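> Submitted below is the structure of interest, expressed as structure tokens.
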Amino acid sequence: MDFSMLTSVIEGKVVQFNHETAVRSLVTDSRKISDISGSLFFALSGERHDGHDYIGQLYVLGVRQFVLEKPIATDELQGANIILVKSSLEALQKVAQAHRNQFIIPVIGITGSNGKTIIKEWLYQLLSPDMFVITNPGSYNSQIGVPQSVWNMQPHHQLGIFEAGISKPNEMENLARIINPTVGIFTTIGPAHDGGFATVDEKINEKLKLFLHAEKVIYCFDHDLIRNHIELTKLPHLSWGYRDGADIKVTKDQPQGYTIQFKKLNFQLTLPFQDVASIENCFHCLAVLLHFNVSAETIQKRFHTLRSVNMRLELKEGINQCQLIDDSYNNDLSGLQIGLDFLNHQHQKKIKRVILSDILQSGLSEEVLCSKIGEVIAVSDADFFVGIGPVIFDHQQFFKEGSTFYKSTEDYLQSLKTDQYADELIFIKGARTFEFERIVNKLQRKVHGTVMEVDLNALVSNLNFFKSRLNPGTKLMVMVKALAYGSGSIEIANLLSYHKVDYLGVAYPDEGIDLRKNNITIPIMVMNPSEESFDQLLLHKLEPEIYSLKLLDSFVNSANGAKAKVHIKLDTGMVRLGFSEPDIDALVTLLNRYRNIEVASIFSHLAGADEKIHDAFTKAQGEQFLAWSKKIAEGIGYIPMRHILNSPGILRFPQYQFDMVRLGIGLYGIDPTGMHHPLKPVAKLKTTISQIKKIRKGESIGYGRSFFANKDCVVATIAIGYADGFSRAFSNGVGEVMVQGKRAPIVGRVCMDMSMIDITDIAAAEGDEVIIFGGDLPVEDVAKKINTIPYEILTNTSDRVKRIFVAESI
């Protein structure tokens, strides 16, 4: 689409037009520009960020096409094309809709509460052998993500599969116009309505708007709520289910075997999964294949090869102090750009390397494809490039000098020496047929079977939720002490830097020094400094909390006249660290004597902000803090930042936001208020089954023979113990874990490195995943089992448990 066509599509006012340019990329994030000359930037105005603030920066980069919703001075934007509209978001959606209307191929639209992304990716696996398929990259299913995804439709595509997610009424109509599905899939509906909807019925009706013009809607007949609404709206449908009345009748014959009856068809189907969610997702896919008249023989053959979907990038520890970004599941141009964006905002390592396979089924000529790949690699932060596959090998001229090339994964592995890479960040992305998991296995540090999986997308979602609660201009400090509440300080701090938080908070100097050594440059407050650490604090530009006159005097001596920043802690009722009211005059006198010491902030800590019973005390703390901080500011002649709110305080006491707030446990998905705010759990602790044994009635299990089987049972040993942070308090049935979607109690005593669980009624095998907390076993439930709080469960997770960081991929 050329720029001149945009005015009729989006009905905007041309503020400036200089030259006709092809629009190849629709961009809303100034940090994610790859095709500079072909980018059209839509400046979106949000609650915390305004795209108009980045116009100048993008212009310097070379972007020359803009859609704005606010008038701006154009004197310094010579040569740019600019359109002014009422809403940049509506303009983005209209452009994508116009693009979609050029295609008459079948398009599958997917919505529901769960399973959308899995079904989309499985349908891609099942149908891509027959046709060129385009899908949303990752879960780009929002008001912004859907138009950007649909924009990628090209003439060679024969099928589109797009998921649509909504959070409130009146959103689906926009997505329905853009996707315009010919076939719909309604996956599931949660038992409780989301915060954005008054009722579950309202949510179902809103989601059904996606299918108003679809030729067929696929759903599970056994979901009464969904069935009732589809029947009421009289949408043309194709149902599957176990009950009589379903269009596709499913009968379970054995654990993984089913009889399928549809019209004149009657055949057996074996599924490669046993958990309930995967089985349901499989049958949604089955219905689509039957709708497209795929034969029973082909269906069974393809279901045999169906694989679990790794929908996320994984940041893992590699050999020789390397870190790996594992994206070895899939490879296309959209997914490559997402992965490179992730690579670009990682700063833990100074050297960055990309290992990439050929991209299959792009629909482009080999020359054009390699040219595009070379362009996006060139503008990324990658220092080195490794290309694997016959196409890339034959078109080396499109890649920067110093790149290396191999015809196959096997060729690369044969040439690889374990000391070849050291202290690098290595992004590994390959199409499935290249088996890049072999490269990951070679380069990954061999880890303990127990891992903490940290969902970076969930963390960003929580961060944005708390940002949305802040007044304009209120700064944000995020606490990354105690390994970022068990999640991993360096990686979390790097992500927070990318999202431009104002400050980080750590407990001890070593934590701050470690962040500085890993290229974290934003201001850091150290909450528990010691006098012997002051030289190192000054060297690494770390800012100590000062809570006593003695500590301030010592820091002044260490600074020796050099300029330095401190944070003054006031004790307004926590009765922990901090200055009291009688100390303020002496504090002011000392600060005035040593003007090289700048008070960056004055702060205090709320003792009971999470519970309503303490509200009067909390308000008294807030007013006391206001009075004391005012007295200090008047005494020193300038106004430092003030902050008193922690996570529960942000949620419950907006009147005390002052100049900055401190976000802690809330970032990690724990709601300290118990008010069910829409926070997403960030951490999942999981291990594996090491061995399974049959135990007879009367036999004892574990140390001290504290547990005797009261019946014949099956016991699994799992690879986690109290040395990993799994408390001995969980012993003998107090604790439980998740195996194959079911809860299994701990039997016997928790050992140092292992524990035993009862899996008598669970179909499990050695090597199966075991969830310690996360997902369907919330950390809050785990904490209650031993009468503690989620903070303790998270922070107790041992440092020997390796952290894997996952982010949206494909």
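> In the set R705, R800, which member is exposed (fewer than 14 other Cβ atoms within 10 Å of the Cβ) and within 26 Å of V506 (Cα to Cα)?
So the residue among R705, R800 that is exposed (fewer than 14 other Cβ atoms within 10 Å of the Cβ) and within 26 Å of V506 (Cα to Cα) is R800.
> Would region 803-810 turn up any residue that is buried (at least 19 other Cβ atoms within 10 Å of the Cβ), in contact with a strand residue (DSSP E or B) (Cβ under 6 Å, 6 or more places away or on another chain) and over 30 Å from L313 (Cα atoms)?
No.
> Given the residues V737, V682, V715, V750, which is the only one that is over 21 Å from K784 (Cβ atoms), crowded, with 22+ Cβ neighbours inside 10 Å and not aromatic (F, W, Y)?
Selected residue: V715, the only one of V737, V682, V715, V750 that is over 21 Å from K784 (Cβ atoms), crowded, with 22+ Cβ neighbours inside 10 Å and not aromatic (F, W, Y).
> Among the residues in region 229-236, are any under 21 Å from T117 (Cα atoms) and either out of contact with any Gly (no Cβ under 6 Å at 6 or more places or on another chain) or surrounded by fewer than 22 Cβ atoms within 10 Å (Cβ to Cβ) (or both)?
Checked against the condition, which is being under 21 Å from T117 (Cα atoms) and either out of contact with any Gly (no Cβ under 6 Å at 6 or more places or on another chain) or surrounded by fewer than 22 Cβ atoms within 10 Å (Cβ to Cβ) (or both), region 229-236 yields no hits at all.
> For residues that are charged (D, E, K, R) and either outside any loop (DSSP other than H, G, I, E, B) or closer than 21 Å to A214 by Cβ (or both), scanning just region 157-176, find the one that is most open to solvent (accessible area, probe 1.4 Å).
Filtering region 157-176 for residues that are charged (D, E, K, R) and either outside any loop (DSSP other than H, G, I, E, B) or closer than 21 Å to A214 by Cβ (or both), the one most open to solvent (accessible area, probe 1.4 Å) comes out as E173.
> Shifting gears a bit: Being of a type in the set (S, T, Y), touching a residue at least 60 places away in the same chain (Cβ under 8 Å), farther than 30 Å from F273 by Cβ and in contact with a Gly (Cβ under 9 Å, 6 or more places away or on another chain): is that true of T28 here?
Criteria met by T28.
> Is it fair to say R243 is among the charged types (D, E, K, R), assigned to a loop (DSSP other than H, G, I, E, B) and at pLDDT 90 or above?
Against the criterion (among the charged types (D, E, K, R), assigned to a loop (DSSP other than H, G, I, E, B) and at pLDDT 90 or above), R243 qualifies.
> In addition: Kindly establish whether T673 is under 34 Å from the mean Cα position of the chain (by Cα) and over 15 Å from F466 (Cα atoms).
No.
> Pull out all pairs, ordered by first then second residue, where Cβ-Cβ is under 8 Å, the residues are six or more apart or on different chains, the first lies in region 726-748 and is of a type in the set (D, E), and the second is open to solvent by less than 10 Å² (accessible area, probe 1.4 Å).
That search, which allows pairs on different chains as well, returns E736/A744; E736/I746; E736/I757; E736/L777.
> Evaluate the following for L40: is it surrounded by 15 or more Cβ atoms within 10 Å (Cβ to Cβ) and in a strand (DSSP E or B)?
Yes: the conditions hold for L40.
> Give me the residue from region 213-228 that is under 20 Å from T251 (Cα atoms) and outside any loop (DSSP other than H, G, I, E, B) and, out of that set, most open to solvent (accessible area, probe 1.4 Å).
D224
> Continuing with this model, one more query. Which of the residues belonging to region 53-98 are assigned to a helix (DSSP H, G or I) and open to solvent by 20 Å² or more (accessible area, probe 1.4 Å)?
Correct list: D53, Y54, G56, Q57, Y59, V60, L61, L89, E90, K94, Q97, A98.
> Continuing with the same structure: Could you grab me the full set of residues in region 341-395 that are hydroxyl-bearing (S, T, Y) and either assigned to a helix (DSSP H, G or I) or more than 30 Å from T521 (Cα to Cα) (or both)?
Passing the criteria: S357, S362, S365, S371.
> Output the qualifying pairs, or none if there are none: Cβ atoms under 6 angstrom, residues six or more apart or on different chains, first residue in region 398-424 and closer than 18 Å to L443 by Cβ and in contact (Cβ under 8 Å) with a residue 40 or more places away in the chain, second residue polar (S, T, N, Q) and surrounded by 15 or more Cβ atoms within 10 Å (Cβ to Cβ).
none
> Another question, then. Show me the strands (runs of 3 or more DSSP E) found entirely inside region 605-700 where at least 2 residues are out of contact with any Phe, Trp or Tyr (no Cβ under 6 Å at 6 or more places or on another chain).
Ranges flagged: 660-663, 683-695.
> Could I ask something else about it? Could you grab me the full set of residues in region 520-540 that are touching a strand residue (DSSP E or B) at 6+ places or on another chain (Cβ under 8 Å) and open to solvent by 40 Å² or more (accessible area, probe 1.4 Å)?
P523, N528, L538
> Pick out the one residue from D753, D761, D768 that is farther than 21 Å from V801 by Cβ and modelled with pLDDT under 95.
The conditions single out D761.
> Which residues, counting only those in region 137-156, are under 21 Å from the mean Cα position of the chain (by Cα), open to solvent by less than 20 Å² (accessible area, probe 1.4 Å) and within 20 Å of N331 (Cα to Cα)?
If the condition is that a residue be under 21 Å from the mean Cα position of the chain (by Cα), open to solvent by less than 20 Å² (accessible area, probe 1.4 Å) and within 20 Å of N331 (Cα to Cα), then P137, G138, G145, V146, S149 are the ones that fit.
> Then there's this: Consider V661 carefully, then state whether it is open to solvent by less than 10 Å² (accessible area, probe 1.4 Å) and farther than 17 Å from D610 by Cβ.
In short, no.
> What pairs come out if I take residues in region 612-637 that are open to solvent by 80 Å² or more (accessible area, probe 1.4 Å) and pair them with residues that are of a type outside the set (S, T, Y) and in a helix (DSSP H, G or I) whose C-beta lies under 6 Å away, six or more apart or interchain?
Note: pairs meeting the criteria are K631/I584.
> Please verify whether region 89-110 includes one or more residues that are out of contact with any Ser or Thr (no Cβ under 7 Å at 6 or more places or on another chain), free of Cβ contacts under 8 Å to residues at least 40 places away in the same chain and small (G, A, S).
no
> Quick check on my filter: what residues within region 157-190 are more than 21 Å from I105 (Cα to Cα) and hydroxyl-bearing (S, T, Y)?
Within region 157-190, S167, T187, T188 qualify.
> Determine, yes or no, whether A744 is in contact with a Phe, Trp or Tyr (Cβ under 9 Å, 6 or more places away or on another chain) and buried (at least 16 other Cβ atoms within 10 Å of the Cβ).
no
> To continue, here is another question. Of the residues I584, I602, I513, only one is under 34 Å from the mean Cα position of the chain (by Cα), surrounded by fewer than 22 Cβ atoms within 10 Å (Cβ to Cβ) and either of a type outside the set (D, E, K, R) or not in a strand (DSSP E or B) (or both); which?
I513
> Restricting attention to region 251-278, and to residues there that are charged (D, E, K, R) and assigned to a strand (DSSP E or B), which single residue is nearest to L290 (Cα to Cα)?
Checking each candidate, the answer is K252.
> Select from region 1-34 the residues that are more than 25 Å from the chain's Cα centre (by Cα) and charged (D, E, K, R) and list them in ascending order.
Once the filter is applied, which keeps residues that are more than 25 Å from the chain's Cα centre (by Cα) and charged (D, E, K, R), region 1-34 yields D2, E11, K13, E20, R24.
> All but one of (1) open to solvent by 50 Å² or more (accessible area, probe 1.4 Å); (2) under 22 Å from E317 (Cβ atoms); (3) in a strand (DSSP E or B); (4) not polar (S, T, N, Q) hold for V770; state the number of the condition that does not hold.
(1)
> Also: Across region 113-136, what is the total count of residues that are open to solvent by 10 Å² or more (accessible area, probe 1.4 Å) and under 21 Å from the mean Cα position of the chain (by Cα)?
Residues meeting the conditions: 7.
> Only one of L210, L271 is modelled with pLDDT of 95 or more and open to solvent by less than 60 Å² (accessible area, probe 1.4 Å); which?
On inspection, the qualifying residue turns out to be L210.
> Pairs needed: first member in region 688-699, of a type in the set (D, E, K, R); second member anywhere, open to solvent by 90 Å² or more (accessible area, probe 1.4 Å) and in a strand (DSSP E or B); C-beta distance under 8 Å; at least 6 residues apart or different chains.
Close Cβ pairs satisfying both conditions: E699/F708.
The values are calculated or read from the model by the stated rules, or taken from the named source; none is laboratory data. If you're wondering where the values come from, they're calculated on a predicted model, not measured in any experiment. Note that each Cβ is placed from the backbone with ideal geometry, even for glycine, and that neighbours are counted across all protein chains shown. Keep in mind that these areas ignore ligands, DNA and RNA; they rest on the heavy atoms of the full protein, side chains included. Shrake-Rupley method; radii C 1.70, N 1.55, O 1.52, S 1.80 Å.
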